[in-house]
Amino acid sequence: MPEFQSVRGFHDIYGEELKKFRYLSNLIREKLRLYNFEEIVLPVVEYVEVFQRSIGEATDIVQKEMFTFQDRKDRWLALRPEGTAGAVRAYVQNRLYALKPYVKLFYEGPMFRYERPQAGRYRQFHQLGAEVFGSLEPVVDAELIGLVYEILSELGVKVVIEINSIGCKVCRPAYRDALSAYLAGVEEHLCEVCLDRKDRNPLRVLDCKVPTCKSAVKDAPKMVNFLCEECREHYSKLKEYLNAMSIPYRENPNLVRGLDYYTKTVFEAVSEELDITVIAGGRYDYLVEEMGGPPTPAIGFAVGLERLSMLVKSLPPEDPLYLVIPFGDVLPYALQVAKALRAEGKRVEVSYKKGGLKKQLELANKIRADYAVIVGEEEMAGGFYTLKDLNSGIQTRVEFSPAF
Ligand code: ATP
Ligand code: MG
């Protein structure tokens, strides 16, 4: 084993995995462009309070998952565990609300959480997220969920979009009480963590993965039955718009999110096959104000790129690859051939390996070239090159005169 290893939970991404990453990222970015979202590049490090205030003290992220450290002046900083808190901080700090009636932003980058590494769970992972600030209209929720659906269907991945409403300041307190009372009655079936959660953050119990907790909350009161008039109207409009756009979804009355800031609509894209959530989002109508901005309703989602990548089995084919093989004292001419092919937009590698045709064709095979471009002294003298289709074996002579 080499002396130096990457830190546990931190990975190098390269090869096919990276190609998949870039493919996903480009596809999502293109969708966001079509919906007229603008990119924002956010810092990886923020003051700890940015996350404590927004994500909430009683959440897993703040209690045990953050990478925090002190700088040289003893200020507490954190590697960002998610993107929304920083986006809200930036929205308020840069007064982005002053520019337009509403603002549509997206961000992409690494996030950090001190979790137990396992399949699809890393300590550094990558998210691409979008946020809409400044509108309480359910059409925004519908468009965001529609956008998520378009991404997933274009990728052909098998996931279900689940939606729920978790209410607002008006209606959630009564629900919380009802849920707490219910949980007190099923205490003996709850895991240790949930026993602790049931009073401080009872909604989180609905999200617990432990089987006994899952069955204990089956008959728990549902938030949808407690929604106030405004939240009920919002939720029913959302469903009406999704139906109008033929976007399939499933209502999951036990769907909650692990962060405190959510209100009204929450949604997730879930793979039942792998039992993982790949995209998660929701409204957070009070957060901007809580972070010191003007009252600004908002909604967003984040795609976990590693998770989505687990569902994407194959990539679209790459452009054909050309291997230029110089034989003899022909390098200047061979380089001109390579240059001309690249100028046509072709993907070209010049062989850096010395050796006869057999060695060169082995190289072509290793780098998975589709064409060999053979350039020997005869080719140079005659002003052409020999193009060999490596799949069919067919060779053709292609006239070539270097552009000086
Ligand atoms: P989970 O319940 O799986 O822990 P979460 O609710 O903590 O997820 P969010 O905070 O909503 O996740 O993050 C949004 C998305 O980011 C998730 O749906 C997932 O795709 C991805 N994600 C979250 N944590 C990790 C991680 N440790 N490693 C890889 N991807 C992650
Ligand atoms: Mg988590």
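The values are calculated or read from the model by the stated rules, or taken from the named source; none is laboratory data. What you see is a predicted model; the values in this text were computed from it and never measured. Cβ sites come from the backbone with ideal geometry, for glycine too, and all protein chains shown count toward neighbours. Ligands, DNA and RNA are excluded from the accessible area calculation, which covers all protein heavy atoms including side chains. Shrake-Rupley method; radii C 1.70, N 1.55, O 1.52, S 1.80 Å.
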For region 85-127, size of Cβ-based charge dipole, Lys and Arg +1, Asp and Glu -1, in debye: 80
Within a Gaussian network of the chain (alpha carbon springs, distance under 10 Å), most fluctuating of Lys31, Lys214, Lys353: Lys353
Modelled FRET efficiency - R0 30 Å, Asn243 with Glu272, Cβ distances, 0.05 increments: 0.85
Label-point separation in nm, Asn94 to Ser215, each point 7 Å along Cα→Cβ: 5.1
Solvent-accessible area, 1.4 Å probe, carbon plus sulfur percent, for region 272-357: 55
Virtual spin-label span in nm between Tyr47 and Ala340, 7 Å along Cα→Cβ: 6.3
Within the chain: Cβ-based charge dipole about Cα centre, in debye rounded to nearest 20 (Lys, Arg +1; Asp, Glu -1): 440
Whole-number percent relative contact order across region 31-93, with pairs defined as alpha carbons under 8 Å at least 6 apart: 36
Measure of compaction for the chain (Cα Rg per 2.2 N^0.38 Å): 1.27
Between 0 and 90°, nearest 10: helix 331-343 axis offset from the chain longest Cα axis: 40
Alpha-carbon Rg/Rh ratio, for region 321-399, with Rh computed the Kirkwood way: 0.92
GNM top mover of Lys366, Lys20, Lys100 - the chain, alpha-carbon springs below 10 Å: Lys366
Cβ-derived FRET efficiency at R0 30 Å, Tyr14 paired with Asn254, nearest 0.05: 0.15
Neighbourhood charge, 14 Å Cβ-Cβ cut-off, centred on Glu17 and excluding it, Lys, Arg +1 and Asp, Glu -1: +2
Cα long-axis angle, helix 172-185 against the chain (0 to 90 degrees, to the nearest 10): 80
Net charge over other residues, Cβ less than 11 angstrom from the Cβ of Phe384 (K, R count +1; D, E count -1): -2
Cα centre as origin, Lys/Arg/Asp/Glu Cβ charges: region 172-219 dipole, Debye: 260
Among Glu187, Glu379, Glu115, residue whose mean-square fluctuation peaks in a GNM of the chain (springs only between Cα atoms under 10 Å): Glu379
Interchain or long-range residues, amide H under 5 Å from Glu46's placed H: Ala78, Arg80
Helix-derived mean residue ellipticity, 222 nm - over the chain, DSSP H n ≥ 4, -39500 (n - 2.57), to 500: -10500 deg cm²/dmol
Computed FRET value (nearest 0.05) for Lys158 with Glu378, which takes r as the C-beta separation and R₀ as 56 Å: 0.55
Folded to 0 to 90 degrees: helix 15-34 orientation relative to the chain principal axis, Cα: 60
Heavy-atom accessible area per residue - region 172-219, 1.4 Å, Å²: 55
Selection from Gly355, Val337, Pro326 lying farthest towards where the dipole of region 321-399 points positive, charges on Cβ: Gly355
Greater than 30 Å apart at Cα, pairs in Lys100/Lys198; Lys19/Lys264; Lys346/Lys366; Lys31/Lys169; Lys209/Lys313; Lys237/Lys313: Lys100/Lys198; Lys19/Lys264; Lys31/Lys169; Lys237/Lys313
Whole-angstrom gap from region 20-69 to region 339-360, using each part's C-alpha centre: 41
